[in-house]
Amino acid sequence: MIIEYFHASKYGNGVQVAEEFKKIMMAKDVTVNIHHVKKIKPKEILPADIYVFSSPGRFGKPVKEIRKFLEKIDLTPGTRCAILTTEMAPQPDKKTGKVSTEEGACQKVLPTIREILLDKGLKKVAEARVYVLGIKGPLEEGWQKKVDAFATSIPVNGK
């Protein structure tokens, strides 16, 4: 099984997540090829069993590089994909002190990527978020467990 993993990491958090995912999947005899979207053209995407797309957030949305990349990809409808984002951890409201649990209340990284991919007719098989505690990091405590849970949710060998 082959997974092509595309990310737009700026400060290295997304790279850490991608490498952890690759390590986990290699233990399952799955090949994972990691690409930064600035170093590959959308038309150069190689065939794979599953494509994983990952982006950090900027002003609550996926960074421009990944949005433009996703808009230009041309994968066959029904192609399996997964989304794993590195987003800013939810912050408490300054007036109420409450942290919103509503999906996409502040960060719309994952929903935006999901919408782009589903509009292209791709089939989402998994999605997850890993939180970043500051603009440049670090990743949240226990982030490896989230990546492991995401990797476990990926159907391997048609399962």
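Quick note: the coordinates plus some simple rules give every number you see, no bench work behind them. On a predicted model such as this, the values are computed, not experimentally measured, just so you know. Backbone-built Cβ (ideal geometry, glycine too); neighbour counts: all protein chains shown.
Taking 7 Å along the Cα-to-C-beta vector as the label spot, tell me the L118-K64 distance in nanometres, rounded to one decimal.
Taking the simple label geometry, L118 and K64 are separated by 2.7 nm.
Scan the chain and hand back the longest stretch that contains none of the GluC sites (Glu not before Pro) lying in DSSP loops with at most 12 other Cβ atoms within 10 Å. The partial results should precede the final answer.
Details: sites that count: E102, E103, E141.
Answer - 1-101.
Counting only the backbone N, which residues of the range 1-29 are under 17 Å from the spot 7 Å out from the Cα of L133 toward its beta-carbon?
Residues 12-14, 16-17 fall inside that zone.
Using only alpha carbon pairs under 8 Å that are at least six residues apart, calculate the relative contact order of the chain and give it in whole percent.
Once divided by the residue count of the chain, the mean separation gives 25 percent.
Under 8 Å for C-alpha pairs, at least 6 residues apart: give me the relative contact order for the range 1-73, rounded to a whole percent.
44 percent
Using the Kirkwood radius over C-alpha pairs as Rh, can you work out the diffusion coefficient of the chain via Stokes-Einstein at 20 °C, viscosity 1.002 mPa s, in µm² per second? Mind showing how you got there, number by number?
Working: Rh = 15.9 Å.
The diffusion coefficient I find is 135 µm²/s.
Which value in deg cm²/dmol, rounded to the nearest 500, describes the helix-derived mean residue ellipticity at 222 nm for the chain, given -39,500 (n - 2.57) per DSSP H run of n ≥ 4 and division by the residue count?
Calculated at 222 nm, the ellipticity per residue is -8500 deg cm²/dmol.
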